[in-house]
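Q: Take this structure, written in structure tokens, and hold onto it; I'll ask about it next.
The values are calculated or read from the model by the stated rules, or taken from the named source; none is laboratory data. Just so it is clear, the model here is predicted, and its values are computed rather than measured. Backbone-built Cβ (ideal geometry, glycine too); neighbour counts: all protein chains shown.
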Amino acid sequence: MIPHNKDIEAELAIRHLAASYTDAVNRKDPEDAAAVWAQDGVLVMFGQEVRGRDTLLKAYQRTFQARSVLFQMTHSGLVVVDGDRARCRWWLHEINQSVKSETPMIFFGLYQDDVVRTEEGWRFARRQLDEIRSGPFNFQAGDRRSTPTWMAL
């Protein structure tokens, strides 16, 4: 069934929340990545749970420092709003490279989210990342370009 939300403002805010997370990841900004979470939010990925915004901040700091390349693309998702809560599903892929490796990796996956309206606005209460497939990624020859300056907000 295709969801139809009567609360379009909530759906738009939740879509902005998901986009804000992807933007923070791509900028490798741990503070902004942690800010999208409820204070007691839980990230579930690769068989582990990370609980609480402060713990998530520390995890993002370690993760972002350990990557020379980190580029996540979150695709259009489904959002089902139910009052002050929502469920979401977002398909994504990511290219990343460890600072200790010469080989970039590609990841295809799925975020399944529980989102809650807080005093700060909509935040992730629980976000589960499921891997579909991952492996080495082979870039074609060419120059590397930095983020265009016009993209800075």
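Q: Output yes when any residue across the range 86-98 is touching an Asp or Glu at 6+ places or on another chain (Cβ under 9 Å), closer than 24 Å to Glu9 by Cα and of a type outside the set (A, V, I, L, M, F, W, C), and no when none is.
A: Scanning the range 86-98 turns up at least one residue that is touching an Asp or Glu at 6+ places or on another chain (Cβ under 9 Å), closer than 24 Å to Glu9 by Cα and of a type outside the set (A, V, I, L, M, F, W, C).
Q: So, in the range 106-134, exactly how many residues are crowded, with 16+ Cβ neighbours inside 10 Å and under 17 Å from Arg67 (Cα atoms)?
A: 1
Q: List the number of the failed condition for Thr22; all other conditions in (1) in contact (Cβ under 8 Å) with a residue 12 or more places away in the chain; (2) among the hydroxyl-bearing types (Ser, Thr, Tyr); (3) over 16 Å from Glu94 (Cβ atoms) hold.
A: All conditions are met except number (3).
Q: Which one of these is more than 22 Å from Asp130 (Cα to Cα) and of a type in the set (D, E, K, R): Asp32, Asp40?
A: Only one candidate qualifies: Asp32.
Conditions (1) over 11 Å from Phe124 (Cβ atoms); (2) surrounded by 20 or more Cβ atoms within 10 Å (Cβ to Cβ), marked per residue:
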{"site": "Ile8", "(1), (2)": "yes, no"}
{"site": "Leu17", "(1), (2)": "no, yes"}
{"site": "Ser20", "(1), (2)": "no, no"}
{"site": "Ala24", "(1), (2)": "yes, yes"}
{"site": "Glu31", "(1), (2)": "yes, no"}
{"site": "Ala34", "(1), (2)": "no, yes"}
{"site": "Asp40", "(1), (2)": "no, no"}
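Q: Among the numbered conditions (1) surrounded by 15 or more Cβ atoms within 10 Å (Cβ to Cβ); (2) modelled with pLDDT of 95 or more, tell me where Phe137 comes up short.
A: (2)
Q: Can you name every residue in the range 114-129 that is in contact with a helix residue (DSSP H, G or I) (Cβ under 9 Å, 6 or more places away or on another chain) and either β-branched (Val, Ile, Thr) or closer than 18 Å to Glu9 by Cα (or both)?
A: Val115, Arg117, Glu120, Gly121, Trp122, Arg123, Phe124
Q: Ok, one more. Any chance the range 13-20 includes a residue that's under 16 Å from Val116 (Cβ atoms), over 13 Å from the mean Cα position of the chain (by Cα) and not hydrophobic (A, V, I, L, M, F, W, C)?
A: Checked the range 13-20: no residue is under 16 Å from Val116 (Cβ atoms), over 13 Å from the mean Cα position of the chain (by Cα) and not hydrophobic (A, V, I, L, M, F, W, C).
Q: Which number in (1) within 23 Å of Asn96 (Cα to Cα); (2) exposed (fewer than 15 other Cβ atoms within 10 Å of the Cβ); (3) not aromatic (Phe, Trp, Tyr) marks the one condition that Asp54 misses?
A: All conditions pass for Asp54, except number (1).
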